[in-house]
């Protein structure tokens, strides 16, 4: 069976346009593991998807690219009437009522449902349009057939070792995307599976390379991480290749975890600081006190690891006093064991408590223009969705520029001193 895949990407953010989605590769691997013959066609553009003569079409999308996904789906349906189109990804998982007419939706983890769909089509059954398949959680420890890493550039891998999220942040839907019930459980690939796939990649590369883990809960289990470090050491880490960085949470700041990361060769950990205002931080991350971030920076510094922290500007209710807390924090810590890794404008994504609160007051809805809900990374260039009545948009953008200038000056000063 020939399956054409496409992940909707914004023309203004082409970073991942040419990269084969790890999720698509997982769908194919699991279907084959279940005995289904699948010939994947990984499309880089919507035009490629429409041109593909396939038995099944799979489209994935985040919220900001949803209109592009819907347009591509309609074009496929016009070009290939009667063919099955499956839609998945974070947006449809959190807002299934947006499912385009005539499509089949898979919510959450798609491998089991996708394999069932392939089996049905291979046996001559056409799924009726409008079917919605709920998430089916997978025990990754038993899924050694699934891919855990992908090459970004020669010698450099991006990897994902876990699924799920125990942190129910106000602005984030990750904890809900893996399970429609919002289960906080985390499931991990076995250390042997992760180490074997990474080791196999670097085994024949004399120059070695680096790995970056993008899953937030990669280092949330000290015991699992220790086992992984032992398995990776057998395959040449960190002498031949190393784990350069990983996503992280201040809730996981423990000496044993930081020590293990250091031994793997980790240079940086990426943390969502979001706001240095204690008042706003409690709203954004109700499970944690802001002081945990200070403790993490000081602990990571002991192990020679830099904390790359991102911030959110424009959270509903944010004031100049809150942003002054950000400025004071960056004044003290930037280039001192900490590096500002992003200044993003607040976006209310479906599936988050923020979306529920703002939907209740009519600020967002299932019928809005979702292309406005970008990640807010470049407000200087493109006006982004803004919903903070406490501060004019232009003032928020100026605060972002002010914080950015401060970080640039601090880095330059640190570089000159070195």
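Search the range 87-103 for residues being buried (at least 22 other Cβ atoms within 10 Å of the Cβ) and not in a helix (DSSP H, G or I), and hand back the single one that is farthest from the chain's Cα centre (by Cα).
Filtering the range 87-103 for residues that are buried (at least 22 other Cβ atoms within 10 Å of the Cβ) and not in a helix (DSSP H, G or I), the one farthest from the chain's Cα centre (by Cα) comes out as 103.
A quick yes/no check of all residues on (1) outside the structural domain of residue 368 (by TED's automatic domain parsing); (2) in contact with a helix residue (DSSP H, G or I) (Cβ under 9 Å, 6 or more places away or on another chain); (3) without any contact (Cβ under 8 Å) to a residue 60 or more places away in the chain:
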{"residue": "57", "(1), (2), (3)": "yes, yes, yes"}
{"residue": "75", "(1), (2), (3)": "yes, yes, yes"}
{"residue": "81", "(1), (2), (3)": "yes, no, yes"}
{"residue": "87", "(1), (2), (3)": "yes, yes, yes"}
{"residue": "96", "(1), (2), (3)": "yes, no, yes"}
{"residue": "106", "(1), (2), (3)": "yes, yes, yes"}
{"residue": "121", "(1), (2), (3)": "yes, no, no"}
{"residue": "126", "(1), (2), (3)": "yes, yes, yes"}
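For residues that are touching a strand residue (DSSP E or B) at 6+ places or on another chain (Cβ under 8 Å) and more than 26 Å from residue 388 (Cα to Cα), scanning just the range 284-300, find the one that is surrounded by the most Cβ atoms within 10 Å (Cβ to Cβ). Break it down stepwise before answering.
Step one: list which residues in the range 284-300 are touching a strand residue (DSSP E or B) at 6+ places or on another chain (Cβ under 8 Å), which gives 284-285, 293, 296-297, 300.
Next cut, more than 26 Å from residue 388 (Cα to Cα) only: 296-297, 300.
On the way: 296: 26, 297: 23, 300: 23.
Filtering first and then ranking leaves 296.
Would you say residue 133 is under 26 Å from the mean Cα position of the chain (by Cα) and surrounded by 15 or more Cβ atoms within 10 Å (Cβ to Cβ)?
In short, yes.
Against the condition closer than 26 Å to residue 169 by Cβ and in contact (Cβ under 8 Å) with a residue 60 or more places away in the chain, how does residue 286 come out, does it pass? It would help to see each step written out before you state the result.
Numbers: closer than 26 Å to residue 169 by Cβ: yes; in contact (Cβ under 8 Å) with a residue 60 or more places away in the chain: yes.
When the stated conditions are applied, residue 286 passes them.
From the list 102, 164, pick out the single residue that is assigned by TED's automatic domain parsing to the domain that holds residue 56 and on the phi > 0 side of the Ramachandran plot.
Details: 164 fails: assigned by TED's automatic domain parsing to the domain that holds residue 56.
Matching residue, one of 102, 164: 102.
For (1) crowded, with 21+ Cβ neighbours inside 10 Å; (2) at pLDDT below 95, each residue gets a yes or a no:
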site: 10; (1), (2): no, yes
site: 16; (1), (2): no, yes
site: 51; (1), (2): no, no
site: 60; (1), (2): yes, no
site: 83; (1), (2): no, yes
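Answer with yes or no whether residue 347 is outside any strand (DSSP E or B) and closer than 22 Å to residue 62 by Cα.
Working: outside any strand (DSSP E or B): yes; closer than 22 Å to residue 62 by Cα: yes.
In short, yes.
Quick check: anything in the range 353-374 assigned by TED's automatic domain parsing to the domain that holds residue 314, surrounded by 12 or more Cβ atoms within 10 Å (Cβ to Cβ) and touching a strand residue (DSSP E or B) at 6+ places or on another chain (Cβ under 8 Å)?
No, the range 353-374 contains no residue that is assigned by TED's automatic domain parsing to the domain that holds residue 314, surrounded by 12 or more Cβ atoms within 10 Å (Cβ to Cβ) and touching a strand residue (DSSP E or B) at 6+ places or on another chain (Cβ under 8 Å).
Quick one: in the range 332-344, of everything that is touching a helix residue (DSSP H, G or I) at 6+ places or on another chain (Cβ under 7 Å) and part of a strand (DSSP E or B), which residue is surrounded by the most Cβ atoms within 10 Å (Cβ to Cβ)? Step through it out loud before you land on a result.
First, pick out the residues of the range 332-344 that are touching a helix residue (DSSP H, G or I) at 6+ places or on another chain (Cβ under 7 Å): 333-335, 337-338, 340, 343.
Pick out the ones that are also part of a strand (DSSP E or B) and you get 334, 338, 340, 343.
Values: 334: 21, 338: 26, 340: 23, 343: 20.
Among those residues, the one meeting the criterion is 338.
Looking only at the range 137-148, decide whether some residue is modelled with pLDDT under 85, more than 21 Å from residue 39 (Cβ to Cβ) and outside any helix (DSSP H, G or I).
Taking the range 137-148 first, the residues modelled with pLDDT under 85 are 137.
In the following step, the residues that additionally are more than 21 Å from residue 39 (Cβ to Cβ) were identified as 137.
Within this subset, residues satisfying the condition of being outside any helix (DSSP H, G or I) are 137.
Within the range 137-148 (the criterion being modelled with pLDDT under 85, more than 21 Å from residue 39 (Cβ to Cβ) and outside any helix (DSSP H, G or I)), the answer is yes, since at least one residue qualifies.
So which residues in the range 151-160 are assigned to a strand (DSSP E or B) and within 19 Å of residue 190 (Cβ to Cβ)? Before the answer, list the steps.
Our first condition is that a residue be assigned to a strand (DSSP E or B); within the range 151-160, this holds for 151-153, 156-159.
Answer for the range 151-160, where residues must be assigned to a strand (DSSP E or B) and within 19 Å of residue 190 (Cβ to Cβ): 157, 159.
The values are calculated or read from the model by the stated rules, or taken from the named source; none is laboratory data. For clarity, every value in this text was computed on a predicted model and none was experimentally measured. In this analysis, Cβ positions are derived from the backbone assuming ideal geometry, glycine residues included, and neighbour counts consider all displayed protein chains.
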